[in-house]
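What follows is a set of notes on a single structure, which appears directly below.
The values are calculated or read from the model by the stated rules, or taken from the named source; none is laboratory data. As the structure is a prediction and not an experimental result, all values here were calculated from the model. Cβ atoms come from the backbone with ideal geometry, glycine included; neighbour counts cover every protein chain shown.
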Amino acid sequence: MSSSSIGPWSPVRWAENGTVQLAYDRWTEPDDGDPLLLVMGLGANRRWFPDGLCRMLAARGFAVARYDQRDGGESTRLPSTVARNPVSALFARRGEAYTAEDMADDTAAVMDALGWSSAHLLGVSLGGAVAQRVALRHPERVRTLTTMAAVPGDTSGLRAVRYIRLGTLAKFTGLRFPDTPEGSIAAAVAVSRLLNSPNRPFDETAARENAVRNVDGGVHDRQAQSRQIGAQWHGGKISAISRPTLVLHGEDDPLIKPAAGKAIASRIPGARLVLLPGVGHEVPASAWERVTSEVRGLADGARGEAGPPSD
């Protein structure tokens, strides 16, 4: 899953949601397309979105931006609360630091900072759940919704367990690396290997090169991940989502079962499910053409519908 940034990104800027600062940047060639905001998953910073994927999205007419969720990357890290790991946080009855509504509002704050009244959303893993919640909480801000490798955004705790391969989650939370740059690099390689499709050879050399360019301590920050995964959603059901929706899911996902994607698509009115062969819990180069064409098709199909105004 690991990636890094060598493309034409703008300097990092910060959006604000209360006391939380959210780091974001934009792909600058071109910057006048349809606004598309990328939302990354648990613990990972925004640079895990492959530059090659972003380049292809830009070539298809999108103005691409990405941001670090709270407790990730260069965004605000919240104070430690109860000591726990992501597995115990998943089963907790309430989050100790912030809510899922707060995380959805972070996305809206980034759009404000970008000057976007609305945008297409593409969220991966936890980012997919966040994007679903944005479509519920701020429907006027969402042109289209693409959720990938995610669980339904209105599930948590025991209801979410049915969609998660607990063996993989246990391996993920069991990884231990020193809090050093070298430890972060080793963690990124280990996580990339764990989330790779079991039916495709793992390129350790490429994963290590990417990890060296993108030293991200968030992939082994158990406390920050626990706060993210423990954020509870108190809003509506995803069946109330009214925005045009695409659900992408890897057929070989070793962490989130494809049944999760099927559940999302069955519950959101008009949503379309696309299962990606040879794809794990990742966005590999072999899938970029299909992913970008599907996201472009969704946006084009929504263009004639009544919805959020154009910027």
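Six or more apart or on different chains, Cβ atoms under 7 Å: show the pairs whose first residue is in the range 34-47 and more than 21 Å from F62 (Cα to Cα) and without any contact (Cβ under 8 Å) to a residue 24 or more places away in the chain and whose second is buried (at least 24 other Cβ atoms within 10 Å of the Cβ) and of a type in the set (K, R). From residues that are more than 21 Å from F62 (Cα to Cα) and without any contact (Cβ under 8 Å) to a residue 24 or more places away in the chain, there are no pairs. Restricting attention to the range 256-274, the residues that are surrounded by fewer than 24 Cβ atoms within 10 Å (Cβ to Cβ), in contact with a Gly (Cβ under 9 Å, 6 or more places away or on another chain) and either among the polar types (S, T, N, Q) or outside any strand (DSSP E or B) (or both) add up to 1. If the condition is being surrounded by fewer than 18 Cβ atoms within 10 Å (Cβ to Cβ) and more than 18 Å from H120 (Cα to Cα), then the range 275-288 contributes L275, P277, G278, A285, S286.
For residues that are at pLDDT 95 or above and hydroxyl-bearing (S, T, Y), scanning just the range 132-158, find the one that is farthest from G115 (Cα to Cα).
Residues of the range 132-158 that are at pLDDT 95 or above, as a first pass: 132-154.
Filter again for hydroxyl-bearing (S, T, Y), leaving 144, 146-147.
On the way: T144: 18, T146: 21, T147: 23 Å.
Only one residue fits best here, namely T147.
Residue-level check: of (1) buried (at least 19 other Cβ atoms within 10 Å of the Cβ); (2) under 21 Å from Q69 (Cα atoms), L246 misses just (2).
Considered as a group, the residues in the range 140-154 that are part of a loop (DSSP other than H, G, I, E, B) and in contact with a helix residue (DSSP H, G or I) (Cβ under 6 Å, 6 or more places away or on another chain) include one that is surrounded by the most Cβ atoms within 10 Å (Cβ to Cβ), and that residue is G153. For first residues located in the range 197-212 and β-branched (V, I, T), partners that are loosely packed, with under 15 Cβ neighbours inside 10 Å and lie 6+ apart or on another chain with Cβ distances below 8 Å do not occur. Taking the numbered list (1) in a loop (DSSP other than H, G, I, E, B); (2) of a type in the set (K, R); (3) closer than 24 Å to G72 by Cα in turn, R243 passes all entries but (3). Number of residues in the range 186-231 that are surrounded by 24 or more Cβ atoms within 10 Å (Cβ to Cβ), modelled with pLDDT under 90 and either among the small types (G, A, S) or under 17 Å from A285 (Cα atoms) (or both) equals 3.
Under the condition of being among the aliphatic types (A, V, I, L, M) and not in a strand (DSSP E or B), which residue from the range 27-46 is modelled with the highest pLDDT? Per the criteria, the residue is M40.
Put simply, of E294, E209, E289, E282 the only residue that is of a type outside the set (G, A, S) and assigned to a loop (DSSP other than H, G, I, E, B) is E282.
In summary, L90 fulfils each of the numbered conditions (1) at pLDDT below 95; (2) part of a loop (DSSP other than H, G, I, E, B) with the single exception of condition (2). May I ask you to list the residues in the range 186-201 that are touching a Ser or Thr at 6+ places or on another chain (Cβ under 8 Å) and over 21 Å from G278 (Cβ atoms)? Result: A188, single match. Within the range 227-234, one or more residues are aliphatic (A, V, I, L, M) and part of a helix (DSSP H, G or I).
Within the range 58-76, residues that are touching a residue at least 24 places away in the same chain (Cβ under 8 Å) have Cβ atoms under 6 Å from residues that are among the hydrophobic types (A, V, I, L, M, F, W, C) and not in a strand (DSSP E or B) in these pairs: V64/C54; V64/L57; V64/A58; A65/L114; R66/F49; Y67/V110; D71/L78; D71/A224, counting only partners at least 6 apart in sequence or on another chain. If you take the residues of the range 60-87 that are at pLDDT 95 or above, part of a loop (DSSP other than H, G, I, E, B) and of a type outside the set (G, A, S), which of them is surrounded by the most Cβ atoms within 10 Å (Cβ to Cβ)? Looking at residues that are at pLDDT 95 or above, part of a loop (DSSP other than H, G, I, E, B) and of a type outside the set (G, A, S), I get Q69. Residues satisfying the criterion are absent from the range 104-113 (criterion: among the small types (G, A, S), in contact with a Gly (Cβ under 7 Å, 6 or more places away or on another chain) and either modelled with pLDDT of 90 or more or over 16 Å from D34 (Cα atoms) (or both)). Cβ separations smaller than 9 Å between residues 6+ apart or across chains give the following pairs from the range 99-110 residues that are closer than 16 Å to A23 by Cβ to residues that are surrounded by fewer than 24 Cβ atoms within 10 Å (Cβ to Cβ) and acidic (D, E): A109/E16.
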